[in-house]
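> Structure below; questions to follow.
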Amino acid sequence: MGNGSSIEPSKTVYLDINGKEEKIVFSRHSSSRDIHDLIAQASGVNRHAMLSLKDKQGAHVSMSPTMPANSPSNPYKVISRDPPPQDAVDHDAFQAVLTHVAEQLNRVFKMEELKSDLYHRLNMLEKKMEMEGLKAVEVEKCKNEISYIKDQLWNAQKKYVDFNRLSESHSAPSSGYQRKKDMTYTKYTLSQETVDYLKQPTFDIWHWEPNEMLSLLEHMYHELSLVHEFNINPITLKRWLLCVQENYRNNPFHNFRHCFCVSQMMYGMIHLCRLWDRMSKEDLGILLTAAVCHDLDHPGYNNTYQINARTDLAIRYNDISPLENHHCAVAFQILSNPETNIFANIDKDTFKRIRAGMTMLILATDMARHAEIMDSFKDKLTSGFDFANKEHMDTLKMVLIKCCDISNEVRPMEVSEPWVDCLLEEYFNQSDREKMEGLPVAPFMDRDKVTKPTAQIGFIKFVLIPMFETVAKVFPQIEEVMVSPLRMAKDRYEEMKSKEDATKDP
């Protein structure tokens with residue numbers, strides 16, 4: 001190592017402030033706003049005061065890092081005017097910070113810390129606008145300027161960080177991380193009837209448009225006090241939900257409506273089982289957020305296809321839950337962007353717990369692990385379930401997200417039956433492709449072998465009912481609301497099968 005100084009070159013400028021000589025020293029990396037504030041401090045005036053510099057000839061001098069150096073005998077005269085009236089200070093503060101942000105754009109490629117600081121400033125501005133309110137004219141102007149700056153930041157960030165798609169599935173290109181242009185959606189005013197209905201497992205998820213589903217999800221985070229618990233910027237929550245929506249593909253079954261369906265059932269179970277009596281708000285946040293993210297960027301072809309077709313996902317994750325690992329990766333790729341990070345304001349240890357919890361739950365949705373997880377849960381019930389035991393609670397949370405993920409048949413028939421058609425369409429798409437590519441075809445996916453009742457009877461009888469009955473041993477209140485509808489659904493499909501069989505008999 002050499003002995004050269006590592007101190008950045010600085011510049012000294014001499015000032016005449018009301019006849020008194022002062023001097024300021026600043027780095028060449030200082031912004032115009034930094035120099036303005038420094039001169040305001042030396043002048044003993046408000047940082048929002050309007051300042052200008054003149055040389056001895058009366059010429060105006062630009063207040064910037066490139067301003068000419070001078071000498072004590074040739075100082076710049078500082079001219080200051082009073083700051084604007086108090087009701088305009090907020091807007092001026094917005095203008096000042098936004099100007100500063102714009103000047104720093106050219107350094108965003110080099111300094112990750114600066115990038116984070118820029119987003120933090122923008123988030124604070126947005127939060128101030130959202131929570132405190134300004135005059136209508138000021139709000140509209142500030143929104144436009146913030147939008148312009150964010151677009152520039154986004155373009156800069158795309159060059160600085162590789163946001164290439166996380167993977168390309170063998171079947172279709174992955175959407176990876178996407179950003180919606182306007183990053184906003186209409187906020188709906190929810191009636192009390194809707195708010196109450198949203199907590200019920202009978203909720204009809206087919207009556208809602210995408211923007212309405214976003215508003216309902218947003219309501220869940222506010223109603224459960226998760227916005228307060230994690231100090232979530234309300235605008236960041238909106239952007240995150242939009243980004244999540246953009247990263248669900250338009251599959252027949254594994255789409256954004258399925259995401260909403262699973263999340264709403266989780267929200268319903270939280271209320272039905274009064275989970276806040278047994279879990280922390282942090283745990284509730286993990287449960288709900290894992291439900292929202294659990295199928296991100298699902299390609300519409302299951303793990304068996306990924307493994308048999310040797311897709312990029314299967315190779316990347318060594319044939320171990322390739323889809324679920326991918327859903328986790330996309331979830332945390334979205335959260336790695338400050339613009340859509342709802343957990344930006346929590347400490348590192350809390351985020352570490354949330355990341356571990358979400359990963360555990362999303363990976364638990366792989367049905368290949370169903371027997372393993374249920375056996376573990378039953379063992380804990382046999383020995384006496386302990387709500388104070390972390391291992392017991394982790395297993396319970398895994399079972400809860402599994403219940404929500406495959407809970408359609410808990411709902412009324414008119415809500416659940418269309419989902420069977422959607423699932424079979426996705427299954428048939430896969431089996432058609434498998435036949436075309438010479439890959440093994442599962443009988444329950446083959447359009448030549450499966451019918452709606454044969455698809456559902458065994459699944460309800462051997463998977464759903466035993467799982468929900470086991471959960472009912474911990475939360476008896478689900479017996480009537482969830483287990484009974486499952487038994488009725490089984491009886492209905494068995495009757496449907498009997499009628500089908502009768503029509504086939506000679």
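> Considering the stretch 303-355 alone, what residues qualify as being over 30 Å from His228 (Cα atoms), open to solvent by less than 10 Å² (accessible area, probe 1.4 Å) and not aromatic (Phe, Trp, Tyr)?
So the first thing to find is which residues in the stretch 303-355 are over 30 Å from His228 (Cα atoms), and the list is 303-323.
From what's left, open to solvent by less than 10 Å² (accessible area, probe 1.4 Å): 305-306, 311, 313-314, 322-323.
Gln306, Thr311, Leu313, Ala314, Pro322, Leu323, listed by residue number.
> Output the residue which, of all residues in the stretch 29-62 that are more than 18 Å from Asn18 (Cα to Cα) and either open to solvent by less than 40 Å² (accessible area, probe 1.4 Å) or hydroxyl-bearing (Ser, Thr, Tyr) (or both), is modelled with the highest pLDDT. Full working, then the answer.
Keep residues of the stretch 29-62 that are more than 18 Å from Asn18 (Cα to Cα), which gives 29-35, 48, 62.
Now drop any that are not either open to solvent by less than 40 Å² (accessible area, probe 1.4 Å) or hydroxyl-bearing (Ser, Thr, Tyr) (or both), which leaves 30-32, 35, 48, 62.
Working: Ser30: 69, Ser31: 72, Ser32: 75, Ile35: 85, His48: 75, Ser62: 76.
Selected residue: Ile35.
> How many residues does the stretch 273-298 hold that are surrounded by 24 or more Cβ atoms within 10 Å (Cβ to Cβ) and either more than 21 Å from Ala356 (Cα to Cα) or not hydrophobic (A, V, I, L, M, F, W, C) (or both)?
6
> So which of Ser225, Ser215 is open to solvent by less than 40 Å² (accessible area, probe 1.4 Å), touching a residue at least 12 places away in the same chain (Cβ under 8 Å) and hydroxyl-bearing (Ser, Thr, Tyr)? Walk me through it before giving the result.
Numbers: Ser225 fails: open to solvent by less than 40 Å² (accessible area, probe 1.4 Å).
Going through Ser225, Ser215 in turn, just one is open to solvent by less than 40 Å² (accessible area, probe 1.4 Å), touching a residue at least 12 places away in the same chain (Cβ under 8 Å) and hydroxyl-bearing (Ser, Thr, Tyr): Ser215.
> OK, next. Considering only the stretch 390-406, I want to know if a residue exists there that is more than 30 Å from Arg355 (Cα to Cα) and either modelled with pLDDT under 95 or surrounded by fewer than 16 Cβ atoms within 10 Å (Cβ to Cβ) (or both). First the steps, then the outcome.
Of all residues in the stretch 390-406, those more than 30 Å from Arg355 (Cα to Cα) come to none.
Checking the stretch 390-406: not a single residue is more than 30 Å from Arg355 (Cα to Cα) and either modelled with pLDDT under 95 or surrounded by fewer than 16 Cβ atoms within 10 Å (Cβ to Cβ) (or both).
> Then there is this: Do we find that Asn318 is without any contact (Cβ under 8 Å) to a residue 40 or more places away in the chain and assigned to a loop (DSSP other than H, G, I, E, B) in this structure?
Details: without any contact (Cβ under 8 Å) to a residue 40 or more places away in the chain: yes; assigned to a loop (DSSP other than H, G, I, E, B): yes.
Here the answer is yes, as Asn318 does meet what is asked.
> Out of the residues in the stretch 437-460 meeting the condition of being in a loop (DSSP other than H, G, I, E, B) and hydrophobic (A, V, I, L, M, F, W, C), tell me which one is surrounded by the most Cβ atoms within 10 Å (Cβ to Cβ).
So in the stretch 437-460, the residues in a loop (DSSP other than H, G, I, E, B) come out as 438-442, 446-451.
Next, from what is left, pick out any that are hydrophobic (A, V, I, L, M, F, W, C): 439, 441-442, 450.
Details: Leu439: 16, Val441: 20, Ala442: 15, Val450: 18.
Filtering the stretch 437-460 for residues that are in a loop (DSSP other than H, G, I, E, B) and hydrophobic (A, V, I, L, M, F, W, C), the one surrounded by the most Cβ atoms within 10 Å (Cβ to Cβ) comes out as Val441.
> Hey, another quick one. Select from the stretch 253-272 the residues that are open to solvent by 10 Å² or more (accessible area, probe 1.4 Å) and out of contact with any Lys or Arg (no Cβ under 7 Å at 6 or more places or on another chain) and write down the one among them that is nearest to Tyr427 (Cα to Cα). Spell out how you get there, then give the answer.
Restricting attention to the stretch 253-272, the residues satisfying the condition of being open to solvent by 10 Å² or more (accessible area, probe 1.4 Å) are 253-257, 271-272.
Those still in the list that are out of contact with any Lys or Arg (no Cβ under 7 Å at 6 or more places or on another chain) too: 253-254, 256-257, 272.
Details: Phe253: 9, His254: 11, Phe256: 18, Arg257: 18, Leu272: 32 Å.
Looking at residues that are open to solvent by 10 Å² or more (accessible area, probe 1.4 Å) and out of contact with any Lys or Arg (no Cβ under 7 Å at 6 or more places or on another chain), I get Phe253.
> If Pro476 passes every condition in (1) at pLDDT 95 or above; (2) assigned to a helix (DSSP H, G or I); (3) not aromatic (Phe, Trp, Tyr) but one, which one does it miss?
Of the numbered conditions (1) at pLDDT 95 or above; (2) assigned to a helix (DSSP H, G or I); (3) not aromatic (Phe, Trp, Tyr), the odd one out for Pro476 is (2).
> Can Glu500 be described as of a type in the set (D, E, K, R) and either surrounded by 15 or more Cβ atoms within 10 Å (Cβ to Cβ) or farther than 26 Å from Ile270 by Cβ (or both)? Full working, then the answer.
Working: of a type in the set (D, E, K, R): yes; either surrounded by 15 or more Cβ atoms within 10 Å (Cβ to Cβ) or farther than 26 Å from Ile270 by Cβ (or both): yes.
When the stated conditions are applied, Glu500 passes them.
> If Asp386 satisfies every condition in (1) exposed (fewer than 15 other Cβ atoms within 10 Å of the Cβ); (2) part of a helix (DSSP H, G or I) but one, which is the exception?
(2) is the only condition that Asp386 fails.
> Hey, among Glu21, Glu8, which residue is modelled with pLDDT of 85 or more and open to solvent by 20 Å² or more (accessible area, probe 1.4 Å)? Quick ask: steps written out before the conclusion?
Values: Glu8 fails: modelled with pLDDT of 85 or more.
Selected residue: Glu21, the only one of Glu21, Glu8 that is modelled with pLDDT of 85 or more and open to solvent by 20 Å² or more (accessible area, probe 1.4 Å).
> Residues in the stretch 421-436: is at least one exposed (fewer than 13 other Cβ atoms within 10 Å of the Cβ), under 32 Å from the mean Cα position of the chain (by Cα) and part of a helix (DSSP H, G or I)?
First, pick out the residues of the stretch 421-436 that are exposed (fewer than 13 other Cβ atoms within 10 Å of the Cβ): 421, 436.
Restricting the remaining residues to those that are under 32 Å from the mean Cα position of the chain (by Cα) gives 421.
Retained after the next criterion (residues that are part of a helix (DSSP H, G or I)): 421.
Within the stretch 421-436, one or more residues are exposed (fewer than 13 other Cβ atoms within 10 Å of the Cβ), under 32 Å from the mean Cα position of the chain (by Cα) and part of a helix (DSSP H, G or I).
The values are calculated or read from the model by the stated rules, or taken from the named source; none is laboratory data. On a predicted model such as this, the values are computed, not experimentally measured, just so you know. Positions of Cβ are backbone-derived with ideal geometry, glycine not excepted, and every protein chain shown enters the neighbour counts. Ligands, DNA and RNA are stripped out before the accessible areas are found, and what is left, the full protein with its side chains, is counted by its heavy atoms. Shrake-Rupley method; radii C 1.70, N 1.55, O 1.52, S 1.80 Å.
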